[in-house]
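I have placed the structure first, in the form of structure tokens, so that the comments after it can refer back to it.
A short reminder: the numbers here are calculations on the coordinates, not readings from a lab. Note that this is a predicted model, so its numbers are computed, not measured. So basically every Cβ, Gly included, is an ideal-geometry build from the backbone, and we count neighbours across all protein chains shown.
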């Protein structure tokens, strides 16, 4: 059964999210007050509508209680509208409600009025970019919650040519390799790691660890 998503606010974040969900076979209803943005979204969304999402009767007609997920992606220029829209979506029976925040106070208020999850895309991107810039070889880092992170990284040079058994990363650093992205000449793709296969410089390791563990590992292996 096709999943349905309601996305309110078609700025850069909302538009990107709407397109990505549509690409993942979601039936997306995209909403904004700007007719130009709605017209743009209509090229890929199942439905696109122009109205003010703080208008309760208009918002109710989108059937938030019938959608698998409702997302209030209204940007920083209309914080009051984002709070009111989030509260209305909760009152209208949204099953899963995600809201975009611009600062910690905004985040707390959104949670108080009914958001199940709050995201701050600018902060999240900044944190991920900082990890890439600060740690050599880190390609991506995403927090999992409860102090855990998932990280994509190139093997530190000292590990190239050694197997995961020899490297003993879990016991030495608390870092667990869960998948390895193979080089193109080995077929590419992602697969469970072969613990006895020597690592190559063009492998990409996907690891799970406590926050800071990957940085400590890279520092010690480079020392």
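At a glance:
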{"read-out": "Separation in nanometres of the label points that stand 7 Å from Cα toward Cβ, at residue 220 and residue 125", "value": "3.5"}
{"read-out": "Angle in degrees between helix 121-134 and the longest Cα principal axis of the chain, rounded to the nearest 10", "value": "10"}
{"read-out": "Acute angle (nearest 10 degrees) that the helix 12-23 long axis makes with the longest principal axis of the chain, alpha-carbon atoms", "value": "80"}
{"read-out": "Paramagnetic reach from residue 68 in region 1-39 [backbone N under 15 Å; point 7 Å along Cα→Cβ]", "value": "1-7, 18-29"}
{"read-out": "Bridge type composition, the chain - antiparallel percent by DSSP, nearest 5", "value": "50"}
{"read-out": "Cα centroid separation - region 38-79 against region 187-223, whole Å", "value": "41"}
{"read-out": "Potential lengthening between residue 178 and residue 16 on full extension [0.36 nm per residue; Cα-Cα distance subtracted]", "value": "55.5 nm"}
{"read-out": "Value of relative contact order over the chain, rounded to a whole percent, pairs C-alpha under 8 Å and six or more apart", "value": "13"}
{"read-out": "Potential extension, residue 95-residue 166 segment - 0.36 nm per residue separation minus Cα distance", "value": "20.8 nm"}
{"read-out": "Spacing of the two label points (7 Å from each Cα toward its C-beta) at residue 105 and residue 23, in nm", "value": "3.7"}
{"read-out": "The chain: angle of helix 213-222 to the longest principal axis, Cα-based, in degrees nearest 10", "value": "30"}
{"read-out": "Label-to-label distance, nm, for residues given as residue 191 and residue 46 (7 Å Cα→Cβ offset)", "value": "3.7"}
